[in-house]
């Protein structure tokens, strides 16, 4: 009986420790940053040691294409970073424009409203060639 109580106590302590420690890491909200090296971690020149049965030497088969790909990747990364900076700058300008006092297009427009051109229609003179004048009661 005491052996069963000891196992249950051990299991409850182990579970409390396990769940207690994970809740602390979730509460902090910090994830460990992922390691992303700026350069390849393995030299492409190690491919010179490969046993190649092809007509070209290993330098032209493995090393040189890998160096070219690394250069292209670096150029693409730089271009992507520049585009992201330009997009952020444009987005900031759009936010300024949206927050300004400009009114949207079409404000105050109504359907079939010709009052601005032909008068109000209630005795206001219009462009009807004087048809409403000279009327007697």
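The values are calculated or read from the model by the stated rules, or taken from the named source; none is laboratory data. Remember, it's a predicted structure, so these values are computed and weren't measured experimentally. Neighbour counts are summed over all protein chains in view; Cβ atoms, including those assigned to glycine, are modelled from backbone coordinates with ideal geometry.
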Test residue 78 against the stated conditions and say whether it is part of a loop (DSSP other than H, G, I, E, B) and either closer than 30 Å to residue 38 by Cα or modelled with pLDDT of 65 or more (or both). no
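Any residue in region 59-74 that is free of Cβ contacts under 8 Å to residues at least 60 places away in the same chain, within 16 Å of the chain's Cα centre (by Cα) and assigned to a helix (DSSP H, G or I)?
Checked against the condition, which is being free of Cβ contacts under 8 Å to residues at least 60 places away in the same chain, within 16 Å of the chain's Cα centre (by Cα) and assigned to a helix (DSSP H, G or I), region 59-74 yields no hits at all.
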Is it the case, given these coordinates, that residue 35 is at pLDDT 75 or above and out of contact with any helix residue (DSSP H, G or I) (no Cβ under 8 Å at 6 or more places or on another chain)? yes
I'd like to check something: does region 105-126 contain any residue that is in contact with a helix residue (DSSP H, G or I) (Cβ under 6 Å, 6 or more places away or on another chain) and either modelled with pLDDT under 70 or over 30 Å from residue 39 (Cβ atoms) (or both)? yes
Enumeration of residues in region 81-104 that are more than 16 Å from the chain's Cα centre (by Cα) and modelled with pLDDT of 75 or more: 93, 96
